[in-house]
Amino acid sequence: MNQMCIKIRPFFCGLILGLLSLYTLATPADFSGEDGYRLWLKYDELDNTKLKKAYIKQLSGVYLDASSATGKVIKQELELALPALLGKPLTFNTKADNASLRIQLNQSPSALISGDGFSIQSQGKHLNITANTQVGLLYGTFHFLRLVQTEQSLAKLDITQSPKIQLRMLNHWDDLDRHTERGFAGESIFDWHKLPDYKEQRYYDYARANASIGINGIVPINVNSNALILSPAYLQKVQALADVFRPYGIKVYLSIKFSSPQQLDGLATSDPLDKQVQQWWQNKTAEIYKLIPDFGGFLVKANSEGQPGPGDYGRTHADGANMLAKALKPFGGNVLWRAFVYAHDSEHERSLQAYTEFVPLDGQFEDNVSVQVKNGPIDFQPREPFSPLFGAMPQTSLAMEFQVTQEYLGFSTHLAYLGTMYKEVLDADTHVKGTGSSVAKVIDGSLEGHSLSVMAGVANIGADRNWTGHIFGQANWYVLGRLAWDHELSAEQIAHEWVAMTLTHDVKSSEQIVAMMMASRENIVNYMTPLGLHHLMDTGHHYGPGPWVDNLGRADWNPTYYHRADDFGIGLDRTSKGTNGVSQYAPYWQEIFSDPAKTPDELLLWFHHLPWDYKMRSGQTLWQELVAHYYTGAAAAEQMQQDWLTLKNNIEPNQFNQVRMALAIQVKEAKWWRDACVLYFQSYSKMPLPMGFEKPKHSLEYYQSLKFPYAPGQG
């Protein structure tokens, strides 16, 4: 074409090349084949011929001793998986001696296995999967299939695993009309209108996916609950879901509206100390268990963000939780009482409020109550210190609440592998009982000897074909389940598993993808909220930057409340000279967090208000360091986009293109966050951009003018 251009007039040359360029851009991408629906349960035939032959020899026949509904699920999964993975029909044997793979309950319960744990052992020519429960056999089967999917050797296996957390849950913030609060992957998967008669195949696929990673509890409706869920008509719909989930070892829990006695049956009060109210909850609980014998219990958001609760009657959170706990106790149910509260006194700094309200109640909760605490003291920010509640209530079971849906991390268009965030929190040492008092040991009960342990994640699942809106969003669902099962696993190990099961077995590509994943969350922190900044998002939808917002109904809804930028400097002073948030941590952390020279850079502005020319460890001023982080984050997003493009030949086309398009959005929005925040903070620092950084393309006024009235997931 260039040779032809020499022979014709430049105008026509440019026209021809332009049209060809448009044609190239208009050529549709390949969206055929794998679209992400199968998640990590992709049972495609293995390419490794040598290993496949070894598997076929080792798996010549299967003996399954499980005749329950769960046993049927195990058989269905094996029939789906092994013929597809190995390219060979599966043979079931009626006698154990004739089978190479034997799946059966222990004749007498093994003391080495607790709860729904399992064992996978090589014994001569046999591979034995054993457990004390049917659900344990299901978990063992999924772990075995994971070994095959990730191309691990099946020789000399000696695996015994038991879950470290008792209740491993997904909390859906889904409404009865299928709207999903903080949902970025389409409407809710739960079609309440068609239930109980229409049980979609998606429910079964959802149950399979959860069982494969050990999740055993589901809350299908929003914590901002609707009292209708406890009405007879809706309880029949819940029963239908419970029937689908039961064979997969999954219990249904319900978010409840604390004022349900008034809203549903016209009681004069919902006071938890009122005898009529107590009787109402006892009757309602008995009604639920008659329909759903294995019902899990209640999740409660009370006296927070306008939700009704015991505080409306001058009662405590313990009063409210214990009323429900006593109703559930005869049936074996539990109460998960959220610690995300707003004190009525808005002058009380927000990060202090949960601690102030709940610590005085330590030891007052029934033993079937777990207080569910967000990982940080504010609200699922890109980075927060661990909540000081962890370790501060030794006589109370504390549940971990992570957010899987990316409310503050770019919705479903930014690649943010949250395994690194979860591990950062779980591995954090509270020091409340000396070195080694990790957050993980608080929530698994081992630090204080609690038998009830809970880890929950706010789900990122919707009706999109790929479930999570972003292919890599699936990894966050996956890592939540894997860490709830075993919080000692590394985020990197889990990422390798997910990549091999979901994207590719190519070693070089896998290493490159895992490296992207491991750096991705830090990239977002850098271009959104570096150095301990937090809560900088725009109003309502939490989409995009809004550090200038200062006109909302409560001071602590405004970003300006948190960054405190002024002509002197930036950051929120939480030392004894400020809000004294440091006092809620163990003495070890009080000493560190009280001194900016000792405070880790990544939390510096969380605990300190420092001058713009404060000298950082790097030798740069605070202003220079802040700008550098913003630009580094945006540049890392661009590099991630370039790295992904090199993987085209090793990723299935549909998956590749979905991620390619999302990364293009992420790069654009990373620069938007960078430029808007830098310009805004520059208006206070009055300092020029450091040398080498490009000037933002638009003015601060331009960024302040942007509006997004229909951003998804709004409350």
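The values are calculated or read from the model by the stated rules, or taken from the named source; none is laboratory data. Note that the structure is a prediction, hence the values are computed from the model and not measured. All Cβ positions, glycine included, derive from the backbone under ideal geometry; neighbour counts span all protein chains shown. Accessible surface areas use protein heavy atoms only, side chains included; no ligands, DNA or RNA. Shrake-Rupley method; radii C 1.70, N 1.55, O 1.52, S 1.80 Å.
Select from the range 671-707 the residues that are assigned to a helix (DSSP H, G or I) and in contact with an Asp or Glu (Cβ under 8 Å, 6 or more places away or on another chain) and write down the one among them that is most open to solvent (accessible area, probe 1.4 Å).
The qualifying residue most open to solvent (accessible area, probe 1.4 Å) is 684.
Take the residues in the range 322-341 that are out of contact with any Leu (no Cβ under 8 Å at 6 or more places or on another chain) and part of a loop (DSSP other than H, G, I, E, B), then tell me which one is most open to solvent (accessible area, probe 1.4 Å).
Going through the qualifying residues, I end up with 332.
Please find, within the range 152-207, the residue that is least open to solvent (accessible area, probe 1.4 Å) out of those that are in contact (Cβ under 8 Å) with a residue 12 or more places away in the chain and basic (Lys, Arg).
The extreme case among them is 168.
Quick grid of which residues meet (1) open to solvent by 10 Å² or more (accessible area, probe 1.4 Å); (2) under 30 Å from residue 621 (Cβ atoms); (3) of a type in the set (A, V, I, L, M, F, W, C); (4) without any contact (Cβ under 8 Å) to a residue 40 or more places away in the chain:
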{"residue": "469", "(1), (2), (3), (4)": "yes, no, no, no"}
{"residue": "487", "(1), (2), (3), (4)": "yes, no, no, no"}
{"residue": "494", "(1), (2), (3), (4)": "no, no, yes, no"}
{"residue": "520", "(1), (2), (3), (4)": "no, yes, no, no"}
{"residue": "530", "(1), (2), (3), (4)": "no, yes, no, no"}
{"residue": "544", "(1), (2), (3), (4)": "no, yes, no, no"}
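Only one of 65, 116, 97 is closer than 14 Å to residue 138 by Cα, surrounded by fewer than 20 Cβ atoms within 10 Å (Cβ to Cβ) and either over 34 Å from the mean Cα position of the chain (by Cα) or in contact (Cβ under 8 Å) with a residue 12 or more places away in the chain (or both). Can you tell me which?
It is 65.
Among the residues of the range 458-467, which ones are touching a helix residue (DSSP H, G or I) at 6+ places or on another chain (Cβ under 9 Å) and open to solvent by 20 Å² or more (accessible area, probe 1.4 Å)?
Listed by number, the list holds a single entry, 463.
When residue 89 is evaluated against the numbered criteria (1) in a strand (DSSP E or B); (2) open to solvent by 20 Å² or more (accessible area, probe 1.4 Å); (3) not polar (S, T, N, Q), which criterion, by number, is the only one it fails?
(1)
Might you let me know whether the range 471-484 holds any residue that is open to solvent by 30 Å² or more (accessible area, probe 1.4 Å), at pLDDT 95 or above and in contact with a Ser or Thr (Cβ under 7 Å, 6 or more places away or on another chain)?
No, the conditions are met nowhere in the range 471-484.
Given the conditions (1) on the phi > 0 side of the Ramachandran plot; (2) part of a helix (DSSP H, G or I), and given that residue 363 satisfies all but one, which numbered condition is not satisfied?
(2)
Mind checking which residues of the range 424-457 are open to solvent by less than 30 Å² (accessible area, probe 1.4 Å) and either within 12 Å of the chain's Cα centre (by Cα) or polar (S, T, N, Q) (or both)?
430, 437, 438, 453, 455, 456, 457
Being within 17 Å of residue 530 (Cβ to Cβ), touching a helix residue (DSSP H, G or I) at 6+ places or on another chain (Cβ under 9 Å), assigned to a helix (DSSP H, G or I) and open to solvent by 40 Å² or more (accessible area, probe 1.4 Å): is that true of residue 602 here?
yes
Please go through (1) touching a helix residue (DSSP H, G or I) at 6+ places or on another chain (Cβ under 6 Å); (2) more than 19 Å from residue 586 (Cα to Cα); (3) among the hydroxyl-bearing types (Ser, Thr, Tyr) for residue 355 and return the number of the only condition it doesn't satisfy.
(2)
I'd like to check something: does the range 370-380 contain any residue that is aliphatic (A, V, I, L, M), without any contact (Cβ under 8 Å) to a residue 60 or more places away in the chain and either open to solvent by less than 10 Å² (accessible area, probe 1.4 Å) or in contact with a strand residue (DSSP E or B) (Cβ under 8 Å, 6 or more places away or on another chain) (or both)?
Within the range 370-380, one or more residues are aliphatic (A, V, I, L, M), without any contact (Cβ under 8 Å) to a residue 60 or more places away in the chain and either open to solvent by less than 10 Å² (accessible area, probe 1.4 Å) or in contact with a strand residue (DSSP E or B) (Cβ under 8 Å, 6 or more places away or on another chain) (or both).
Suppose the filter is open to solvent by 20 Å² or more (accessible area, probe 1.4 Å), at pLDDT below 95, under 19 Å from residue 301 (Cα atoms) and part of a loop (DSSP other than H, G, I, E, B); does residue 344 pass it?
Yes: the conditions hold for residue 344.
Run residue 251 past the list (1) closer than 30 Å to residue 554 by Cβ; (2) open to solvent by 50 Å² or more (accessible area, probe 1.4 Å); (3) at pLDDT 95 or above and report the number of the one that doesn't hold.
With respect to (1) closer than 30 Å to residue 554 by Cβ; (2) open to solvent by 50 Å² or more (accessible area, probe 1.4 Å); (3) at pLDDT 95 or above, residue 251 is out only on (1).
Give the residue, chosen from 276, 282, that is in a helix (DSSP H, G or I), in contact with a helix residue (DSSP H, G or I) (Cβ under 6 Å, 6 or more places away or on another chain) and open to solvent by 20 Å² or more (accessible area, probe 1.4 Å).
Only one candidate passes the filter, namely 282.
Hey, residue 524 hits all of (1) closer than 30 Å to residue 560 by Cβ; (2) under 19 Å from the mean Cα position of the chain (by Cα); (3) open to solvent by 30 Å² or more (accessible area, probe 1.4 Å) but one; which does it fall short on?
Unmet condition: (3).
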